[in-house]
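What follows is a short report on a single structure.
The values are calculated or read from the model by the stated rules, or taken from the named source; none is laboratory data. Quick caveat, the model's predicted, so the values are computed rather than measured. Using ideal geometry, Cβ is built from the backbone for each residue, glycine included, and neighbour counts are taken over all protein chains shown.
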């Protein structure tokens, strides 16, 4: 067996666990001892690496017979959510997510995992992936540990899907907040709605890219020919699948709702612009009356009442009466 060298990055040390007979037999043992535990053939190993180098994964490639393409994907950034099947193992690429409630911005953290019959190897491409939450999930379900790698993978997927569900719940609350501001006439709130809906729509698109492929991932794992999910673990994976469906459908409905908010906001702005144009047009029509009358009576040609006091009174009364009449009509039509 090839000895696996420990990570040279002291900031992100490797973590490990050995399960025997459904119990944690050893924890955080030196990575170089993995070969000995694999030789014993009576346990299941979890190994976690954070921000590993290609050289470190190359050693694991030899130790666990990992496919070169899967190793390359584990190092590369920006992989889509997927589950690839190779001869000796499965390769999982997935994301945990978190939402900034104040800005509405979604943050995604990429994680890769190699699933072998005797080991689960998680590769965190960012220290922001909360692996402690995964460990807590395992510790809370120790009665399922006898199911080996299927149990470890369940804890990992359940934690990731829970982060998706938490994010969509917060997004739902944020969308409701944007709806409350939608019919507020305060211009500051109008600008806030525009900025908020843009961020929410962007976050929902990101979340959809993460959650939608998870349906295929979990559904594939439920296949009996893979041999990962035991009969005892089937209900738990079906529960994950149900959560994935709910998160996906919720995300889709929120996208439609945000689109409706954007369209409603644009319609409101158009209505406000129409109202402003009505007011401007109404005042322009009212002002046009005295302009027309004074223009007519300002001619230097003789007309009825020319150079007479009666002409002054007639023009003044005409201005007041016609302007007042137009004002009353526009007020009646709610243009002013």
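Worth pointing out:
- Pick from the range 86-113, criterion farther than 18 Å from residue 123 by Cβ and either out of contact with any strand residue (DSSP E or B) (no Cβ under 8 Å at 6 or more places or on another chain) or not assigned by TED's automatic domain parsing to the domain that holds residue 197 (or both), ranking: surrounded by the most Cβ atoms within 10 Å (Cβ to Cβ): 104
- Remark: pairs (first residue in the range 302-322, exposed (fewer than 14 other Cβ atoms within 10 Å of the Cβ); second residue modelled with pLDDT under 70 and not in a helix (DSSP H, G or I); Cβ separation under 8 Å; 6+ apart in sequence or on different chains) = 312/305.
- Residues considered: 228, 205, 262. Of these, the only one that is in contact with a helix residue (DSSP H, G or I) (Cβ under 9 Å, 6 or more places away or on another chain), farther than 30 Å from residue 325 by Cβ and modelled with pLDDT under 85 is 262.
- Residues satisfying the stated conditions in the range 41-72, i.e. within 33 Å of the chain's Cα centre (by Cα), more than 13 Å from residue 113 (Cβ to Cβ) and either outside the structural domain of residue 217 (by TED's automatic domain parsing) or assigned to a helix (DSSP H, G or I) (or both): 54, 56, 68, 69, 72
A quick yes/no check of all residues on (1) surrounded by 14 or more Cβ atoms within 10 Å (Cβ to Cβ); (2) part of a helix (DSSP H, G or I); (3) touching a residue at least 12 places away in the same chain (Cβ under 8 Å):
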position: 16; (1), (2), (3): yes, no, yes
position: 19; (1), (2), (3): yes, no, yes
position: 33; (1), (2), (3): yes, yes, no
position: 39; (1), (2), (3): no, yes, yes
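Yes/no per residue for (1) modelled with pLDDT of 85 or more; (2) in contact with a helix residue (DSSP H, G or I) (Cβ under 9 Å, 6 or more places away or on another chain):
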residue: 29; (1), (2): no, yes
residue: 37; (1), (2): no, no
residue: 44; (1), (2): yes, yes
residue: 57; (1), (2): no, yes
residue: 72; (1), (2): yes, yes
residue: 76; (1), (2): yes, no
residue: 95; (1), (2): yes, yes
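- Flag for residue 218 being in the same structural domain as residue 96 (by TED's automatic domain parsing), in contact with a strand residue (DSSP E or B) (Cβ under 9 Å, 6 or more places away or on another chain) and either under 30 Å from residue 194 (Cα atoms) or not in a helix (DSSP H, G or I) (or both): no
- Number of the exception - residue 45 against (1) free of Cβ contacts under 8 Å to residues at least 12 places away in the same chain; (2) surrounded by 15 or more Cβ atoms within 10 Å (Cβ to Cβ): (1)
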